[in-house]
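First the structure, which I've put down as structure tokens, then a few questions once you've had a look.
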Amino acid sequence: MRSRSLSALLLTLTALSCQRPDLSGVLLDHEDMLNDRYGAVCECPTAAGFASLADCDDAFVSIGEEHTDCMADALAGHETEGQEYLECANSSLMNYIQCLDANDNCEESKYQSCTDTYESAISTCSSLPADVKVAFDACIPY
């Protein structure tokens, strides 16, 4: 009896360990981070190369459910890699937003430094398979 219980437990644990991670939380975080990034960039529109706040706002599309669903679809079957990438990307975005928020005087050099640091950080994130990355990036209107 005891060996059956142990076998059943091991079988259950094995099945659970093979389940794909649920990306819903990390995808929603990514949606929030992208929207927060757009807001932070537009706090200093001229430093970001825009003539006005209105021009900056017009350049960005708010990321919503349809974009997040698209990202989830793009990552389907690659959830583990997707989670690794999104955790890294979200951390990079959070640091970027904090850097931009600290640019109280809207200095162009500070904006560029923040952007360079972000681009360097995001480039170190684990890469998704090429076709998945193309599909994922197509979901985000930059």
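Return yes when ASP29 is of a type in the set (D, E, K, R), modelled with pLDDT of 95 or more, assigned to a helix (DSSP H, G or I) and surrounded by 10 or more Cβ atoms within 10 Å (Cβ to Cβ) and no when it is not.
Criteria met by ASP29.
Counting just the residues of region 99-142 that are surrounded by fewer than 12 Cβ atoms within 10 Å (Cβ to Cβ) and polar (S, T, N, Q), which one comes out farthest from ALA76 (Cα to Cα)?
In this case the residue turns out to be ASN105.
Do we find that ASN90 is of a type in the set (S, T, N, Q), without any contact (Cβ under 8 Å) to a residue 60 or more places away in the chain and within 17 Å of VAL26 (Cβ to Cβ) in this structure?
Judged against the criteria, ASN90 is not a match.
List, please: which pairs have Cβ atoms under 9 Å, are six or more places apart or on different chains, and start with a residue in region 42-70 that is free of Cβ contacts under 8 Å to residues at least 60 places away in the same chain and assigned to a loop (DSSP other than H, G, I, E, B) and end with one that is among the acidic types (Asp, Glu) and crowded, with 16+ Cβ neighbours inside 10 Å?
GLY64/GLU31
The values are calculated or read from the model by the stated rules, or taken from the named source; none is laboratory data. On a predicted model such as this, the values are computed, not experimentally measured, just so you know. Cβ coordinates were reconstructed from backbone atoms using ideal geometry, including for glycine residues, and neighbour counts include every protein chain displayed.
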